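First the structure, in the form of structure tokens, and then the observations on it.
The values are calculated or read from the model by the stated rules, or taken from the named source; none is laboratory data. No experiment lies behind these values; they were computed from the predicted model shown. Note that we place each Cβ from the backbone using ideal geometry, even for glycine, and neighbour counts take in every protein chain shown. Accessible surface areas use protein heavy atoms only, side chains included; no ligands, DNA or RNA. Shrake-Rupley method; radii C 1.70, N 1.55, O 1.52, S 1.80 Å.
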Amino acid sequence: MQLTLTQLYEKMRSNMGPSGWWPADSKEEIIIGAILIQNTNWQNADRALEQLRQATALQPDRLLALPTDQLHGLVRPAGFYRNKSRALVSVLSWLKRGNYGYPAIRQRYGSQLRNELRKLHGVGPETADVFLTYIFDVPTFISDKYARTLFTCLGVTGLTDYRSLAQRCSLPADFSPAMAKDFHGLIGQHPLGNVEVVLE
């Protein structure tokens, strides 16, 4: 049985229900969490996130005002604390220049938004796609390790890194931001099925 991405999403949604992902109360929390989760697990990232929440209420301007040593200490449970602290400052400072106006920033950069995000310290391909989908409401297929595991199990070969799937997989034009977020969440729950995926 062959399925397009849209059909795969609809099948997963029908079988599993809505994913309810990403677990966050604000876009700022998603931004911070997406940086903290890099190269670690949710438990470690969540410890750092909670420390930042207690110190700053996850308000970007309060985080940017922290002394470097204090920021390092708060981020430390997530590992790579120097690099992640620098990434937080880089991303939040860039957003501050746009007054945290996400729709206006999206409109300003248009199709170049992903390229602009990739210029920021600590924003790799996966984090850029997470930001596009969850922060700027640009429906994007996130080719993370969960997606590569699922698609490999569904018969797609040669998925060695993020780019190997991202280059072959893009969401159809009729995918809404809500659908893209839900699809990413469903994939993260490791569903497996006896289907063959047709990359669009």
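Please arrange 157, 140 by accessible surface area, largest first, computed with a 1.4 Å probe and ligands excluded. Please report the intermediate quantities before stating the final value.
On the way: 157 100, 140 25 Å².
From most accessible down to least: 157, 140.
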Checklist entry - Going by the alpha-carbon gyration tensor, a ≥ b ≥ c the square roots of its eigenvalues, is the range 51-105 rounded (a/c under 1.5) or, if a/c is not under 1.5, prolate (a/b greater than b/c) versus oblate? => result prolate
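Can you work out the FRET efficiency for the pair residue 25 and residue 104, with r the C-beta to C-beta distance and R0 = 22 Å, to the nearest 0.05? Please report the intermediate quantities before stating the final value.
Details: r = 22 Å, r/R0 = 1.01.
Efficiency, rounded to the nearest 0.05: 0.50.
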Next on the checklist: Placing +1 on the Cβ of each Lys and Arg and -1 on the Cβ of each Asp and Glu in the chain, which of 185, 21, 117 has its Cα farthest towards the positive end of the resulting dipole?
Outcome noted: 117
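Could you quote the convex hull projected area for the range 105-180, Cα atoms only and averaged over all directions, in nm²? All intermediate terms of the calculation are to be shown ahead of the outcome.
On the way: hull surface 21.7 nm².
Result: a mean projected hull area of 5.4 nm².
Ignoring any ligand, DNA or RNA, what whole percent of the accessible area of the chain comes from carbon and sulfur when the probe is 1.4 angstrom? If you can, show how the numbers build up before the last one.
Details: 4840 of 10150 Å².
It is 48 percent, rounded to a whole number.
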Next on the checklist: Show me, for the range 158-173, the HN-Hα J-couplings you get by feeding each phi into the Karplus relation (A = 6.51, B = -1.76, C = 1.60, θ = phi - 60°), rounded to Hz, glycine and proline as x.
Outcome noted: x, 8, 9, 7, 4, 5, 4, 8, 4, 5, 9, 9, 9, 6, x, 5
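Normalised by the empirical 2.2 N^0.38 Å for globular proteins, what value does the Cα Rg of the chain take? All intermediate terms of the calculation are to be shown ahead of the outcome.
Details: Rg = 17.4 Å, N = 200, 2.2 N^0.38 = 16.5 Å.
Computed over Cα atoms of the chain, the ratio equals 1.06.
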Checklist entry - Taking a 1.4 Å probe, which of 94, 42 shows the most accessible area, and what order do the others take after it? => result 42, 94
Item to check | Simple spin-label estimate for residue 174 and residue 14 in nanometres, 7 Å along Cα-Cβ | outcome: 1.5 nm
Item to check | 1.4 Å probe accessible area per residue over the chain, in Å² | outcome: 51 Å²
Checklist entry - Can you give the accessible area of residue 137, probe radius 1.4 Å, in Å² rounded to 10? => result 50 Å²
Item to check | Cα lying deepest toward the dipole's positive end in the range 69-172, options 167, 133, 87, charges on Cβ | outcome: 87
